[in-house]
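Below you'll find the structure, written out as structure tokens, and then a few comments.
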Amino acid sequence: MRSLLTKAMLIIAALIVLLWAAIGVILRQWRAEETAAASAAGQHMARLLAEYEASSLRAIDLTLYYLRADWLRDPASLDGAVARHREHLQREGLVQVAVMDAEGWTRYSLLPLEKPVNFADRPYFQAQKASGRDEMHVSEAVMGRVTKQWAIQFSRPIYDAGGRFDGVIVVALPPPTLELVYRDLRLGADDVITLVRWDGTVLARSRDLDRASGVSLKGIGGLGPEGPSVGIASDNRRIDGVERLYAYSKLPSYALTVYVGQSMESVLAAYYRQRTIVLGAGAVATLLLLFLGRVLASRRALRSELDERERRLAEQRERMMLELHDGAIQSIYAVGMNLERSREQVTQDPVGAQRTIASAAAHLNLVIQELRNFIAGLTNQPRGEAEFMKELESLVPDPADGEAPQFKIDVDPEVVEALTPGQSLHLLRIAREGVSNVLRHAYAAKAHISLQRTPPAGVRLEISDDGIGMREDAAQSRGLGLHHIGARGQKLSGRTAIESAPGRGTRIVVEFQQQA
């Protein structure tokens, strides 16, 4: 029973471990699937935005190219040229068109100026003056000195007939053109789209541009000509601390990259709902398994209690059998034998018959007292050598009666004095059974009861006779009386031997250690 319960508890524990291991695997797979789907969607959106931005930048670059050509041909014609391109530039959210000379002073402005303004300190002006290349430069978003609003400066250099730097032509547009497109996209509360120059400068952002403009994103994935043109960048929380999944697409012709940042909260929203359901189901399943384990453990405890109760009942039945068989029943048998003898004496020895009957009555009173004590749960345990010897001598027939067999009692007084009350009781019950067997079955002339010490600190009780003995199979199978002798020997933590052969008498030996 215990082995089966242990196996059941191990199975339950294994099921709980496997359950949570499976839940862990499933949740990791679901998270990976949600992340992969968001990555694919983000890269697709980034690619579309990059294509749109590339198209807008090409249109702006061509506009700068044509405006510069008109300026170089005839500066007075620039108003007309701006007017021709104005419809397109208005769609882009045109803020300003300006021309600066080689020293940074305004020579033309679409917006009216009270007096010339110097832009020589602007990074885009310095970059164009120092580069020596005829390329469009895209600046970071700056607060315009004339427009008083955030704008990105798209500029090309102006060179004179001798190829020397002669100024800059600039078109200023709000950070989105970008943002106009971004507003049409359905973004989550913490999702963000960012346009970044390859040096890490944020040019436009769908939110918090004022915060982002002062932060460099140099070092994140997707900046520079190296690596794939579309991909996933490492998470970056430099601007606002929000954890996001960043997909990117590069614009190599303009050294720019578009980033689509999806907040992990929105990316994993469906996963979190699924996780809550699965974890709840796992918790319920675990509780059910634990409840099953508790039920099994309770059954084990109940089974153990029942087994213990059965063991105590078995011990009690054995004790009752031992006490009744070795005590009152043997005494009743002795009374019966005395009464049988008195019947034979009535005609030949009336006086002897009266003595026998009186002895039987006295023994019967003792039997009654023994039964009362048994019912009350009391045992008459000998209290010393004298009481032990008196009870032992009462078991054997009076030698004066001339009845066979004649018993010899050989007892070491020091052994008796050292016996515990329990040991004394067991030895007397064994002796009573042995004497009863001699009287009833042995047909012996002589019998011997010996209680002696054996080294070291051992005790040996021997009951022997010279009677007819028993067959070997009878000695081995043992009747109830011999079984009880063996049982009492076990209670003494000792060894019991019964030796007998036909015509050679019987010997019962019980040995035990006295300190036990």
Tell me the label-point distance for the pair Ala404, Ala59, using the 7 Å Cα-to-Cβ offset, in nm and rounded to one decimal. 14.2
Extension reserve of the Val346-Ser253 stretch, reckoned as 0.36 nm per residue once the Cα distance is removed: 19.1 nm
Links that overshoot a 29 Å alpha carbon limit, given the list Lys7/Lys491; Lys408/Lys491; Lys115/Lys250; Lys115/Lys218: Lys7/Lys491; Lys115/Lys250; Lys115/Lys218
At 7 Å along Cα-to-Cβ for each site, give me the label-to-label distance between Ala37 and Tyr443 in nm. 10.2
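All of the numbers you see were taken from the coordinates with simple rules; none came from a lab. In this text the structure is predicted, and so the values were computed from the model without any measurement. Neighbour counts run over all protein chains shown; Cβ positions are idealised from the backbone, glycine included.
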